[in-house]
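Chemist: I have a structure I would like to understand better, so I am pasting it below and will then ask my questions one at a time.
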Amino acid sequence: MDLGLKGKAVLVTGGTSGIGLAIAQRFVGEGAAVAVCGRDPARMDAAVKALRGAGGNAEGFIAHVDRMADVKSLVAGTVARFGRLDIVVSNAGTHLKGSVEDLPVERLEEHLRTKVLGAWELARQALPHLRKQKGGRFIVIIGQAGKVPGANVIASAVTNAAQHAFVKSLSDYLGKDNILVNAVCPSRIKSPLTDTLNLDGERYLGLSLEHQESGWGLKVPLGRFGEPDDIASAVAFMASERASFLTGTNIDVDGGYQRMIF
C-alpha cells in the first residue's frame, strides 16, 4: 500500500539502531528522504550506509538531544540537506530502571533532559519548518512505564507520563496548523535496548535465551516478542494521510501485553 510518503523529509532521533533504525528504513522504503541522529560515530556510519545501500536519500548527524544547541543544529542541518521538513520522530532515550532509593536525582534529570526537554526543543525548532509545509507530523515513541507505573520503573514512569502530557497538549496547540502530534508506545520489542535489560519476570536459572523468551512470551497474548518493524509500521501509518484524523492519541504496539482500557 502506498502511504503517500514519497518525497517527504523525515527526521528520526535515536535512529542508528533498533527501533529508530527500523523506522528510518521504513520511511526510506516509502520513498522519503531521512535524516537520523545518534551519539556513536561508528553506529552512525553503519546506519547511513545501510539506508543508502537500500537506495535511500539519507543523512546522519551526531547529536545529543539532551543538549539544546545540538537539537537546533540537527534540525537546521536536516532542512539544509533536504530543503524541507515534514515529519519528526522523537525516539531518542532509554529505559531507566531502579527504585527511588537507587536513583539519585541527577539520573532522573538526565532522563528528563533527553526524553522530555529534548523533545520539547525538537518541537520548537521543527515547528517553523512544519508550518511552512502547511502541515506535518510530530510522533513521539513512548515506553510502557508511562501507562503502567511500577516500583522499579519510577524514573521511566515519571518521564514517560510527561511525554504523554506533552503529546496531548502539543496536539491541541498545533491542530489549527494541520500538524498532527501522536505517540506510538512499544512494549516487549526485541532490540539492542531489551538485550541489556533485566525484564520483569525474566527467568535465568541457566536457561538459554530461547527458553527465557518463551517465558516472556507467556505474558503476551500473541505469544511472542515484537520486532522493531512492528513499531515502524505503526509510525509509518501515523505519518501518512491514512491517519489524517488522528491527533493527540497513542497506539500501543505490544502484542496485547499492556492490559488497560485507556
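Chemist: Can you name the residue in the stretch 1-51 that is among the hydrophobic types (A, V, I, L, M, F, W, C) and modelled with pLDDT under 95 and, of all such residues, is surrounded by the fewest Cβ atoms within 10 Å (Cβ to Cβ)?
Modeler: Of the stretch 1-51, the ones among the hydrophobic types (A, V, I, L, M, F, W, C) are 1, 3, 5, 9-12, 19, 21-24, 27-28, 32-37, 42, 44, 46-48, 50-51.
If we keep only those that are modelled with pLDDT under 95 as well, we get 1, 3.
Numbers: 1: 8, 3: 19.
The qualifying residue surrounded by the fewest Cβ atoms within 10 Å (Cβ to Cβ) is 1.
Chemist: Right, next: Quick one: residue 72 ticks every box in (1) touching a helix residue (DSSP H, G or I) at 6+ places or on another chain (Cβ under 6 Å); (2) in contact (Cβ under 8 Å) with a residue 60 or more places away in the chain; (3) over 20 Å from residue 161 (Cα atoms) bar one, so which box is it?
Modeler: Going through the list (1) touching a helix residue (DSSP H, G or I) at 6+ places or on another chain (Cβ under 6 Å); (2) in contact (Cβ under 8 Å) with a residue 60 or more places away in the chain; (3) over 20 Å from residue 161 (Cα atoms), residue 72 breaks only (2).
Chemist: Let me spell it out: the conditions are (1) over 20 Å from the mean Cα position of the chain (by Cα); (2) over 21 Å from residue 24 (Cβ atoms); (3) of a type outside the set (Val, Ile, Thr), and residue 113 meets all of them except one. Which number is the exception?
Modeler: Exception for residue 113: condition (1).
Chemist: Let me ask something else. Looking at the stretch 230-248, which of its residues are closer than 13 Å to residue 184 by Cβ and either surrounded by 19 or more Cβ atoms within 10 Å (Cβ to Cβ) or not small (Gly, Ala, Ser) (or both)?
Modeler: Matches in the stretch 230-248: 230, 231, 232, 234, 235, 236, 237, 238, 239, 243, 246.
Chemist: Name the pairs whose Cβ atoms lie under 6 Å apart, with the first residue in the stretch 171-199 and in a helix (DSSP H, G or I) and aromatic (Phe, Trp, Tyr), the second surrounded by fewer than 19 Cβ atoms within 10 Å (Cβ to Cβ) and at pLDDT 90 or above, and 6 or more positions between them or separate chains?
Modeler: Filtered contacts from the stretch 171-199: no entries.
Chemist: Okay, next question. Given the structure, is residue 180 at pLDDT 90 or above and out of contact with any helix residue (DSSP H, G or I) (no Cβ under 6 Å at 6 or more places or on another chain)? First the steps, then the outcome.
Modeler: Values: at pLDDT 90 or above: yes; out of contact with any helix residue (DSSP H, G or I) (no Cβ under 6 Å at 6 or more places or on another chain): yes.
So residue 180 fits the description; yes.
Chemist: If you go through the stretch 115-144 one residue at a time, how many are farther than 15 Å from residue 78 by Cβ and free of Cβ contacts under 8 Å to residues at least 60 places away in the same chain?
Modeler: Within the stretch 115-144, residues that are farther than 15 Å from residue 78 by Cβ and free of Cβ contacts under 8 Å to residues at least 60 places away in the same chain number 10.
Chemist: Any residue in the stretch 100-114 that is basic (Lys, Arg) sitting within a Cβ distance under 7 Å of a residue that is part of a helix (DSSP H, G or I) and surrounded by 13 or more Cβ atoms within 10 Å (Cβ to Cβ)? List the pairs, counting only those 6 or more apart or interchain.
Modeler: That search, which allows pairs on different chains as well, returns 107/155.
Chemist: Considering only residues that are closer than 19 Å to residue 22 by Cα, modelled with pLDDT of 95 or more and in contact with a strand residue (DSSP E or B) (Cβ under 6 Å, 6 or more places away or on another chain), which ones fall in the stretch 214-249?
Modeler: 230, 231, 234, 235, 238, 239
Chemist: Taking the options 172, 254, name whichever one is exposed (fewer than 15 other Cβ atoms within 10 Å of the Cβ), at pLDDT 85 or above and not β-branched (Val, Ile, Thr).
Modeler: On the way: 254 fails: exposed (fewer than 15 other Cβ atoms within 10 Å of the Cβ).
Criteria check complete, one pass: 172.
Chemist: Within the stretch 78-110, can you find the residues that are more than 17 Å from the chain's Cα centre (by Cα) and of a type in the set (Val, Ile, Thr)? Let's see the steps before the verdict.
Modeler: Taking the stretch 78-110 and keeping what is more than 17 Å from the chain's Cα centre (by Cα), we get 78-85, 97-110.
Across the stretch 78-110, the qualifying residues are 78, 79, 100, 105.
Chemist: Sticking with this one: I'm trying to understand the selection: among the residues of the stretch 4-51, which are among the basic types (Lys, Arg) and within 19 Å of residue 130 (Cα to Cα)?
Modeler: To start, the set of residues in the stretch 4-51 that are among the basic types (Lys, Arg) comprises 6, 8, 26, 39, 43, 49.
Of everything in the stretch 4-51, those that are among the basic types (Lys, Arg) and within 19 Å of residue 130 (Cα to Cα) turn out to be 6, 8.
Chemist: Within the stretch 1-50, how many residues turn out to be part of a helix (DSSP H, G or I) and not basic (Lys, Arg)?
Modeler: Adding up the residues that qualify gives 19.
Chemist: With the condition kept exactly as written, say whether any residue in the stretch 58-81 is at positive phi, buried (at least 16 other Cβ atoms within 10 Å of the Cβ) and of a type outside the set (D, E, K, R). Before the answer, list the steps.
Modeler: Here is the first cut: in the stretch 58-81, the ones at positive phi are none.
Looking for residues that are at positive phi, buried (at least 16 other Cβ atoms within 10 Å of the Cβ) and of a type outside the set (D, E, K, R), one finds none in the stretch 58-81, hence no.
Chemist: Just for the stretch 200-213: of the residues that are hydrophobic (A, V, I, L, M, F, W, C) and assigned to a loop (DSSP other than H, G, I, E, B), which one is modelled with the highest pLDDT?
Modeler: Step one: of the stretch 200-213, the residues hydrophobic (A, V, I, L, M, F, W, C) are 205, 207, 209.
Then drop every residue that is not assigned to a loop (DSSP other than H, G, I, E, B), which leaves 205, 207.
On the way: 205: 47, 207: 52.
Ranking the candidates gives 207 first.
Chemist: Quick one: residue 44 ticks every box in (1) under 18 Å from the mean Cα position of the chain (by Cα); (2) within 16 Å of residue 122 (Cα to Cα); (3) among the aliphatic types (A, V, I, L, M) bar one, so which box is it?
Modeler: (2)
The values are calculated or read from the model by the stated rules, or taken from the named source; none is laboratory data. Predicted model, so just to flag it, every value in this text is computed and none were measured. Every residue, glycine as well, gets a Cβ built from its backbone with ideal geometry; the counts of neighbours run over all protein chains shown.
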